[in-house]
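The values are calculated or read from the model by the stated rules, or taken from the named source; none is laboratory data. Being a predicted model, the structure only gives us computed values, none of them experimental. Cβ atoms come from the backbone with ideal geometry, glycine included; neighbour counts cover every protein chain shown. The protein model used for the area step is the full one, side chains on, heavy atoms only, and it has no ligands, DNA or RNA in it. Shrake-Rupley method; radii C 1.70, N 1.55, O 1.52, S 1.80 Å.
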Amino acid sequence: MNFFRSRPDTGWIPVGAASSFPNLGPDAPSLIQQRPCHDARPAPAPGCKVFHVPRDHQPSRASEIHVSREGLPSPATGDELVDQVLVFRYRGKFHAVDHCCPHQSYPLSNGSPFDIEDFGVVLSAGLACPKHGWSFDLFTGTADRAAYKLAVWEVQLRDKDGVQVVDSKGDGDVGARDETVWVRRKPRVG
């Protein structure tokens, strides 16, 4: 018996239907800006969702923090951003990162996603913080300056019952099969 392995579903939090997340492109000025969604809601929604997730590893205590409907900058700062996760879809792929910029505790919901390219070849995706212009790789969390690192969360797409992990190709056609998005902090190794 292995006492060090956790159950596979430990810490996973459902954050909504995949169709409720707008599919952002490189022209997105900020995540918090209002955009049309793929679901049946008549009103546009912010391009991201923010959740407060206590560190006590009790997913049932997670709660959504409603961002401004006017698309204005997020008013949260500093300690208010602790234990918050920012979830959004960029170019068909879902991302979840800490809401707080590790450089100066600024809300990354005000940031904008972009492609990390080299000679016109897309290598990765990034998120730029507008406060000082720092940016972070969305897959590794690595900053473009200094040794700061953004915490990157795990993301899964599941079927409508939340039981089976859905294999999605990330082609932007998410939501046609009633998929839900689930996130969790990456478990510490070592």
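Out of PHE88, PHE94, one residue alone is open to solvent by 10 Å² or more (accessible area, probe 1.4 Å) and either out of contact with any helix residue (DSSP H, G or I) (no Cβ under 7 Å at 6 or more places or on another chain) or assigned to a loop (DSSP other than H, G, I, E, B) (or both). It is PHE94. For region 106-163, please list each of the strands (runs of 3 or more DSSP E) lying entirely inside it that holds at least 2 residues being open to solvent by 40 Å² or more (accessible area, probe 1.4 Å), of a type in the set (D, E, K, R) and without any contact (Cβ under 8 Å) to a residue 24 or more places away in the chain. The qualifying strands (runs of 3 or more DSSP E) are 112-118.
The residues of region 146-185 that are at pLDDT 90 or above and of a type in the set (Lys, Arg), listed by number, are LYS149, ARG158, ARG184, ARG185. Screening PRO102 against (1) open to solvent by 30 Å² or more (accessible area, probe 1.4 Å); (2) within 18 Å of ILE13 (Cα to Cα); (3) modelled with pLDDT of 85 or more leaves a single unmet condition, (2). Going through (1) open to solvent by 40 Å² or more (accessible area, probe 1.4 Å); (2) at pLDDT below 75; (3) on the phi < 0 side of the Ramachandran plot; (4) assigned to a loop (DSSP other than H, G, I, E, B) one by one, CYS37 falls short only on (1).
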